[in-house]
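Student: To start, I am sharing the structure in question, which I have written as structure tokens.
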Amino acid sequence: MTNRDTDDLTPPILPPRAPGLPLPRFDTPLVPRNSISGRALVAVVAIMTFLASITTGAVILVSGAASEWQADVSREITIQVIPAPGRDVDAIVAKASAVARPFRGISEVRAYSKEESAKLLEPWLGSGLSLDTLPVPRLIVLKMESNPAPDLAQLRKQLADQAPGATLDDHRGWIDRMRAMTATAVGAGIGVLILMIAATVLSVTFATRGAMATNKTVIEVLHFVGAKNGYIASHFQRHFLLLGLQGGAIGGGGAILLFALAGLISRWFTGTVSGDQTAAMFGSFSIGMTGYIAVVGQVVLIAVVTAWTSRQTVNHTLEAMD
């Protein structure tokens, strides 16, 4: 073989790239846009965002309903007169009403009749039942003023002295239990959101590593010719940011449509027994503007977490290659 033939087989030596020159631009993206893994990640992000939005909406509904219940209950107190052998219930009710009506801080006194007290049990026991043999308590509802607030201890003492058999219930225990239930619901919602964000981070990490493995040759060449880690990571960050926004918009949009449909259905059933009971428990099923803003914020948060996770994964992988 001649020297000339040997020279033809020797690969040319490329001059080093001058520092500061921009890297070449690619006609095709470094990370494929329509890969199977990309579509799978969009589906995962959409599901996670949908579940997170449903959880957030449920927490907002429970918190709002609990706040309304507490506000209504905190403005009222109840005097109960339980029937007993030899006890003149009507006389005790009249006397307790007379004690409470002029009391300082009480704005309104309403004594329920026997029929009205029994009717309060119909949502739980049904209608048409004979409650004559049951010791259904007679109720006196007192509405309180915020300023000045009534001295409940003094009112309780006067009832014990002048209307024996009448007991005052300020619903404090019920309000405390309601506050505890609300705090538990909010805590559970926050815990679910943290778990969903963690699952999204893991999914994005595996998807990023899979995309890097698919384009390993191109990444190694770019890394060899001097491309900085931030340059390569920015391509992945942009790609996964778009995937996160796409999946988040699908999941968040689905949750918004679901809440809007639930609110519409609840308005259709307004005035019915089931509709009134549902409204009493959960309100109008409307999360309001605050809820919708929270859902949109979650979509943005999921997209940012997706992009940040991808960038950190690429940077850690490239640093291991150095």
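Student: Pop the C-beta distance of GLN162 and ALA198 into the FRET formula with R0 = 56 Å and round what comes out to the nearest 0.05. It would help to have the intermediate numbers written out before the result.
Tutor: Numbers: r = 62 Å, r/R0 = 1.11.
In this case the efficiency is close to 0.35.
Student: For an R0 of 25 angstrom, estimate the FRET efficiency from the Cβ-Cβ distance between ALA188 and VAL296 and round to the nearest 0.05. The partial results should precede the final answer.
Tutor: Details: r = 23 Å, r/R0 = 0.90.
The computed FRET efficiency comes out at 0.65.
Student: Further, regarding this structure: Between SER113 and ARG75, how high is the FRET efficiency from 1/(1 + (r/R0)^6) when r is the Cβ-Cβ distance and R₀ = 30 Å? Nearest 0.05. Numbers along the way, then the final one.
Tutor: Numbers: r = 23 Å, r/R0 = 0.75.
Calculated value: 0.85.
Student: Measure off 7 Å from each Cα along the Cα-to-Cβ vector at THR217 and LEU264, then give the distance between these two points in nanometres to one decimal.
Tutor: My value for the distance between the label points is 5.3 nm.
Student: What does the C-alpha gyration tensor say about the overall shape of the range 83-164? Classify as rounded when a/c is under 1.5, otherwise prolate if a/b is larger than b/c, or oblate. Kindly include the intermediate steps, with their values, before the conclusion.
Tutor: Working: a/c = 2.99, a/b = 1.64, b/c = 1.82.
It comes out oblate by the Cα gyration axes.
Student: What residues of the range 135-177 lie in the reach of a label at ALA84, counting those whose backbone N is under 18 Å from a point 7 Å from the Cα along Cα→Cβ?
Tutor: Output list for this probe position: 135-140, 156-169.
Student: Quick check: residue separation of ARG104 and MET289 times 0.36 nm, minus the Cα distance between them. What number comes out in nm?
Tutor: Values: separation 185, 0.36 × 185 = 66.60 nm, distance 4.02 nm.
The ARG104-MET289 span can extend by a further 62.6 nm.
Student: Also: In whole percent, what relative contact order does the range 83-164 give with Cα contacts below 8 Å and a gap of six or more residues?
Tutor: Values: 82 pairs, mean separation 36.7, N = 82.
Dividing the mean separation by the residue count of the range 83-164 yields 45 percent.
Student: Given the C-alpha centroids of the range 253-267 and the range 56-94, what is the distance between them in whole angstrom?
Tutor: 31
Taken together, the values in this text are just the output of simple stated rules run on the coordinates, not laboratory data. Quick caveat: nothing in here was measured; it's all calculated off a predicted structure. With ideal geometry, Cβ positions are generated from the backbone for all residues, glycine too; neighbour counts draw on all protein chains shown.
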